[in-house]
Amino acid sequence: MPEKIDYSSKIPNNVGLADDRRLQRALEGWQPKFLNWWGEMGPTLETQGVYLRTAVSVGREGWAHFGHVNVPDYRWGIFLAERDPDRRIAFGEHAGTEVWQQVPGEYRADLQRLIVIQGDTEPASVEQQRLLGLTAPSLYDLRNLFQVNVEEGRHLWAMVYLLHAYFGREGREEAEGLLFRNSGSPDTPRILGAFNEETADWLAFYMFTYFTDRDGKYQLGTLKESSFDPLSRTCEFMLKEEAHHMFVGTTGIDRVVTRSAELIREHDTLDIAAHGGIPLDIIQRYLNFHYTVSLDLFGSETSTNAANYYTAGLKGRWHETRRKDDHQLTADSTFLDRPRADGTWDTEEVQTLLALNLDLRGEYIADCRNGLNRWNKILADAGIDFRFALPHPGFNRQVGLNAGHHITPEGTIVDEATWEANRRNWLPTAEDLAFVRSLMHPVYERGKIASWVAPPGNGINGQPFEYEYVHLP
Ligand code: BYC
Ligand code: FE
Ligand code: FE
């Protein structure tokens, strides 16, 4: 397996595509469909070059090259992390045996389903973000948007490669489906809820890349443990790209909070809307929304699907190999909180194997707290008393054991009328969305930044903030 990526072929790859003519032809047949989709459903802003990174190697050092690229000419390719010839299955009933280079017949349907769900999210996010280029707060941000978009496009390629290479005719049909379903479409929507929501403004974009891309990090982390080695290696490389997406979210929210804090100090009021800043309570409501729709992406707290995937060795836990237990989980138990009709919480003991979605969600929530700590520190350092909080995991849920219950951000179970009467304090209102949208004007002069967000501390790849990250017509 060459580590170096072959850029001389139509589809850049390090999977030896040139040696498999059938597969190569099939993927070359899908390529124009992808480019059509990109043209119709991808970023609407036309540019004359964006300073993008492109993968040039999958090795540990120096895997990316930076330079201005005409976006439709971006070299989307198929890159798998290096193969570890000694890799063995780390969990489930096949633990200790060699990982699979082919799909075992009995797991074909389940693996295909996992790959299709993963693949469906990638183009969905590009569709959700397609208008944001019209209102970026700076050239630096505009460049980051394109970077995230082209890499989500590449993640789609990653899943399509697996479908074409390992799932035959059905896989090729599923690959077409990934371009056919569209975010928010009434008839053919994307599979998972969060990917049919609008990403209507840049605060939503930062929240999405913080909270929803982070679900991607954790789901990819579990698929990286898969016994199906090509899936594992694909996810390992995707995770490398994913880090930047979350960086965009983390630092994006940092910069919004920093700017709001500045305006609060300058005008000595929390009511900074009139001064071109985003009030902290609006930021909290955005956070509540994006966090809770992202929690839904973990599925039900107890899931026989997840248990079966685990036992079969298809999907592991976060950092599976670092866990100190039997990697079978049939003898262990876990506690979970279940809302009761009488308005109290019940603590239930369940088999750990059945609670794997809850386990992954727990890792995710702990990670999300780091962001809250950062943003609260910015407020504390500015001498502002307001603090952001993560809502209770039962709040505003459509999936799992809390769905259908009315739970406040503090975790109190209330009746529907009480919940609805408070909704506008907890989730973005139509006025919040209209206000944030009113701030969204493009700022495309070099070194300039919109009123509602602070400039970044550093540029990209050692370039200054003033760099011309995007050439515009
Ligand atoms: N919406 O046993 P359960 C990313 C369905 S993000 C709609 O609880 P399971 C990215 C479920 O399909 C990462 N339906 O679920 C981020 C099942 O249906 P069936 C994406 C839902 O299977 C930003 C039923 O409810 N990757 O990469 O344990 C930008 C019972 O479900 C939802 C993955 O998700 C929902 N939210 O867990 C770009 C990894 N949740 O079978 C990219 C692959 C559940 O009864 N997916 N349902 O008809 C999986 O591992 C699992 O399918 C899930 C659900 C974690 C999604
Ligand atoms: Fe992705
Ligand atoms: Fe991502």
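Tabulated values for the structure
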quantity	calculated
Residue in segment 172-193 that is under 26 Å from Ile282 (Cβ atoms), at pLDDT below 95 and of a type outside the set (Asp, Glu) present	yes
Any hit, segment 421-430, residues being part of a helix (DSSP H, G or I), of a type in the set (D, E, K, R) and touching a helix residue (DSSP H, G or I) at 6+ places or on another chain (Cβ under 9 Å)	yes
Cβ pairs under 7 Å, 6+ apart, first in segment 187-211 and touching a residue at least 60 places away in the same chain (Cβ under 8 Å), second within 14 Å of ligand 3 (Cβ to nearest atom) and not in a helix (DSSP H, G or I)	Leu192/Leu297; Ala194/Leu297; Thr199/Gln129; Phe205/Gln129; Phe205/Thr199; Phe208/Thr199
When residues of segment 294-308 are limited to those that are more than 16 Å from ligand 3 (Cβ to nearest atom) and hydroxyl-bearing (Ser, Thr, Tyr), the one surrounded by the most Cβ atoms within 10 Å (Cβ to Cβ)	Thr302
Which listed residue, of Gly394, Gly447, Gly404, is under 30 Å from Leu472 (Cα atoms), outside any helix (DSSP H, G or I) and without any contact (Cβ under 8 Å) to a residue 60 or more places away in the chain	Gly447
Residue count, segment 330-358 (criterion: over 18 Å from Phe395 (Cα atoms), within 29 Å of the chain's Cα centre (by Cα) and either part of a helix (DSSP H, G or I) or among the acidic types (Asp, Glu) (or both))	5
Out of Thr330, Thr334, Thr408, sole residue that is closer than 27 Å to Ile89 by Cα, of a type in the set (Val, Ile, Thr), surrounded by 15 or more Cβ atoms within 10 Å (Cβ to Cβ) and in contact with a helix residue (DSSP H, G or I) (Cβ under 8 Å, 6 or more places away or on another chain)	Thr334
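Conditions (1) within 16 Å of ligand 1 (Cβ to nearest atom); (2) within 16 Å of Pro428 (Cα to Cα), marked per residue:
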{"residue": "Met238", "(1), (2)": "yes, no"}
{"residue": "Gly249", "(1), (2)": "yes, no"}
{"residue": "Ala261", "(1), (2)": "no, no"}
{"residue": "Ile264", "(1), (2)": "no, no"}
{"residue": "Leu270", "(1), (2)": "no, no"}
{"residue": "Ala274", "(1), (2)": "no, no"}
{"residue": "Pro279", "(1), (2)": "no, yes"}
{"residue": "Ile282", "(1), (2)": "no, yes"}
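The values are calculated or read from the model by the stated rules, or taken from the named source; none is laboratory data. If you're wondering where the values come from, they're calculated on a predicted model, not measured in any experiment. Reconstructed Cβ throughout: ideal geometry from the backbone, glycine too, with neighbour counts over all protein chains shown.
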